[in-house]
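Encoded as structure tokens, the structure appears first; notes follow it.
Coordinate-derived values only; no laboratory data. The model shown is predicted, which means the values in this text are computed figures rather than measured ones. Glycine also receives a Cβ, built like all others from the backbone with ideal geometry; neighbour counts cover every protein chain displayed.
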Amino acid sequence: MSPAGKDWFNETLYPDVAQRFTVDRVIFRERTAHQDLVIFENKVLGRILALDGVIQTAEGDEFIYHEMLTHVPILAHGRAKRVLIVGGGDGGMAREAMKHPGVERVTMVEIDRGVVDLCATHIPSIGAAAFKNPKLDLVIADGAAFVKRCQDRFDVIIIDSTDPHGPGAVLFTREFYHDCKNCLTPGGILVTQNGVPFLQPDELRNTAERLTTLFADTAFYVGAVPSYYGGFMAFGWGCDSAAPRRTGVEEIAKRFAASGIDTRYYTPALHVGSFALPRFIEKLMAG
Ligand code: SAM
């Protein structure tokens, strides 16, 4: 039973199951140019950003998601200098990517200026410092339009988008992945936020089908993010070679040690192990 007199944020991502969080304080709420945005405080997870009723990031566990979507592809690549982030308005992905001494430039293409400004102001612990980092080029635009016309090339492209609804829907299409592939350097790696397969099986099945037609090496890896309800979160992977994904744990550990980065979730063993998938996810990949 819910503690009497508490306000709750009820996530509306799924019709038949849901998670909820007590709202100890609403920090900010508005309809931006693209989506409904609320930032609220919860005793367990700290400050939380929700967009269109869906949890996006929480101070308490954001490190898991941001470490896994940056350190895995960047350390697997081994020589990444230029990184593109599509989405990522809270700044956490840019923060982690820019920790790598070898990464010279991070371009972040976020459609909603409101998310950037409000997260920098109201959840500064996640990404405020990133927005001041001289390595960062922040572009306010639709990521799909950006990669379609982009002449630059990137060693790692990270799709840190909302779910495939509203402005995020276009970031799950084959055309978008095709345009991302055109923006990769040889041996470049595309990784995607790909939902929670136990509750969003079609999201993984569709991405698997689309990436397989574009990349010689398509895979998924997983991480457990408490505020993304429903078990493992999946991350999509596309590359024109299987070599980066197959880099051994000793080499990954050497690169990780050389980076000097301190993490709270990522380890070289977890990096390699995260590509070992539960059977039901392997079956989803097979279509
Ligand atoms: N960790 C979250 C998740 O797994 O769902 C993602 C967080 S991040 C805040 C998602 C960002 O994607 C939002 O800031 C949203 O504005 C942005 N976004 C959605 N559609 C976009 C598009 N077409 N181009 C660029 N950014 C987009």
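Remarks
- Computed over the alpha-carbon atoms, the stretch 174-287 gives an Rg to Rh ratio of 0.97, Rh here being the Kirkwood radius from the mean inverse distance.
- When the listed pairs Lys99/Lys254; Lys6/Lys132; Lys43/Lys135 are checked against a 28 Å cut-off, the alpha-carbon distance exceeds it for Lys6/Lys132; Lys43/Lys135.
- Global geometry of the stretch 8-58, whether rounded, prolate or oblate, following the gyration tensor of its Cα atoms and the 1.5 cut on a/c: oblate
- Distance between the modelled labels on Tyr265 and Val26, one decimal in nanometres: 2.9 nm (7 Å Cα→Cβ projection).
- Between Arg246 and Lys81, the simple spin-label model (points 7 angstrom out along Cα→Cβ) gives 2.7 nm.
- Per-residue [θ]222 nm for the chain (sum of -39500 (n - 2.57) over DSSP H runs n ≥ 4, rounded to 500): -9500 deg cm²/dmol
- For the pair the stretch 253-287 and the stretch 40-95, the centres of their Cα atoms are 16 angstrom apart.
- ³J(HN,Hα) computed for each position of the stretch 187-203 - Karplus, 6.51 cos²θ - 1.76 cosθ + 1.60, integer Hz, glycine/proline x: x, x, 10, 9, 10, 9, 5, 10, x, 10, x, 4, 10, 10, x, 5, 4
- The trypsin sites (Lys or Arg not before Pro) found in the stretch 1-75 that occupy coil by DSSP, while having at most 15 further C-beta atoms within 10 Å, are Lys6, Lys43.
- Cα gyration tensor shape for the stretch 62-285, rounded if a/c is under 1.5, else prolate or oblate: rounded
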